[in-house]
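The values are calculated or read from the model by the stated rules, or taken from the named source; none is laboratory data. Since this is a predicted model, take the numbers as computed values, not measurements. Cβ placement follows ideal geometry from the backbone for every residue including glycine, while neighbour counts extend to all protein chains displayed. To get the accessible areas, we keep the full protein, side chains included, count just its heavy atoms, and leave off ligands, DNA and RNA. Shrake-Rupley method; radii C 1.70, N 1.55, O 1.52, S 1.80 Å.
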Amino acid sequence: MINGKKIGLVLSGGGAKGLAHVGAIKVLEANGIIPDIIVGTSMGSTVGGLYACGMPISKIESEFLKFKITDLFDLNVFNITKQGLIAGKKFIKLIDKHSKNAMIEDAKIKYACVACDLKTGKPYIFDKGKLSVATRTSSSIPGIFAPLKKDGMLLVDGGVINNIPTDVAYQMGADYVISVDCIGKAYLIKDIKSVVDILMSSFSLTQYHMVKCKGYRSDAKIVVNNYEHDYYDAKKESFIETIQLGESATNKKIAKIKRDLQIAQ
């Protein structure tokens, strides 16, 4: 809490573009701004969840810079009846490893993330249970990751319905919400070669137009326009550049945020 205000940090989805959230958190933390509430969708749920459960942002950054896309590959492609190319079990093991099997209820910072129930078209908010299951589900891009079956629901990536869930942060008690949109303007893959390219480009367009039409309330909007890197560009150099873009976009807003929160410049 800063000067009597509960601070909410909302982190959008965006695949590998979501590494911009690491840069944003680094800048906020360096300026003495630690959120009381974190809400994320998709990659935002992963970065935000690890941070909320106590993993230092420097450690999150270093672990992502060692990441290889094959770390997530438990492929379903040889079974046409499966509901996604990736089963998601390796994702859960990876988050369990880095979060030390964290439960959301035990997070150091109050946390929630958003998924979407395909059967009803309604959002589902994870605010308890295993962090790994919540983040895996919130990150389940349709067609790429298999959905999670839970209590009669079929849950997929929260970016389908609420990619910048600031409303959830306000509902959880935030007085001042900082949002980080790592999609920015609509992004199109210029050289579409595979079914994955088609799925990711389609999902990007859906997210962009959904946010544009729906809009969202936020006290400080940080927008990261990343035109150079794809949703699944997992090269170390691309991660470094994306993190730097997050830092740059946040630095442009930090003076406003500090004024709003009455923090000495």
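Among the residues of region 256-265, are any open to solvent by 50 Å² or more (accessible area, probe 1.4 Å), under 16 Å from LEU11 (Cα atoms) and charged (D, E, K, R)? Checked against the condition, which is being open to solvent by 50 Å² or more (accessible area, probe 1.4 Å), under 16 Å from LEU11 (Cα atoms) and charged (D, E, K, R), region 256-265 yields no hits at all.
Results for (1) among the hydroxyl-bearing types (Ser, Thr, Tyr); (2) in a loop (DSSP other than H, G, I, E, B), shown as yes or no for each residue.
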residue: PRO123; (1), (2): no, no
residue: LYS128; (1), (2): no, yes
residue: SER132; (1), (2): yes, no
residue: VAL156; (1), (2): no, no
residue: ASP167; (1), (2): no, no
residue: TYR170; (1), (2): yes, no
residue: GLY173; (1), (2): no, yes
residue: ILE183; (1), (2): no, yes
residue: SER202; (1), (2): yes, no
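Identify, please: which residue in region 160-180 is of a type in the set (S, T, N, Q) and more than 9 Å from VAL10 (Cβ to Cβ) and is, among those, farthest from the chain's Cα centre (by Cα)? It comes out as GLN171.
Checked against the criterion of being part of a helix (DSSP H, G or I) and of a type in the set (Lys, Arg), region 210-225 contains one or more residues that satisfy it. Run down GLY143, GLY152 and say which single residue is of a type in the set (Gly, Ala, Ser) and surrounded by fewer than 18 Cβ atoms within 10 Å (Cβ to Cβ). The conditions single out GLY152. Counting only helices (runs of 4 or more DSSP H) that sit completely within region 20-69, zero hold 3 or more residues that are under 17 Å from ASP219 (Cβ atoms) and open to solvent by 50 Å² or more (accessible area, probe 1.4 Å). Within region 1-19, the set of residues being surrounded by fewer than 22 Cβ atoms within 10 Å (Cβ to Cβ) and among the β-branched types (Val, Ile, Thr) comprises ILE2 only. Could you tell me whether any residue of region 77-91 is charged (D, E, K, R), farther than 17 Å from SER138 by Cα and at pLDDT below 90? Yes; the residues of region 77-91 include at least one that is charged (D, E, K, R), farther than 17 Å from SER138 by Cα and at pLDDT below 90. For region 206-223, taking the residues that are in contact with a strand residue (DSSP E or B) (Cβ under 9 Å, 6 or more places away or on another chain) and not polar (S, T, N, Q), the one that is most open to solvent (accessible area, probe 1.4 Å) is identified as ARG217.
The set of residues in region 86-121 being under 19 Å from LYS150 (Cα atoms) and assigned to a strand (DSSP E or B) consists of ILE86, MET103, ALA112, CYS113, VAL114, ALA115, CYS116, ASP117. Based on what the data block shows, is GLY23 over 17 Å from TYR170 (Cα atoms), in contact with a Phe, Trp or Tyr (Cβ under 6 Å, 6 or more places away or on another chain) and either among the polar types (S, T, N, Q) or touching a residue at least 60 places away in the same chain (Cβ under 8 Å) (or both)? No.
Can you pull out every residue in region 101-135 that is on the phi > 0 side of the Ramachandran plot and modelled with pLDDT under 95?
Filtering region 101-135 down to residues on the phi > 0 side of the Ramachandran plot leaves 101, 121, 129.
Result: GLY121, single match.
Listed conditions (1) at negative phi; (2) at pLDDT 95 or above are all met by TYR187, apart from (2).
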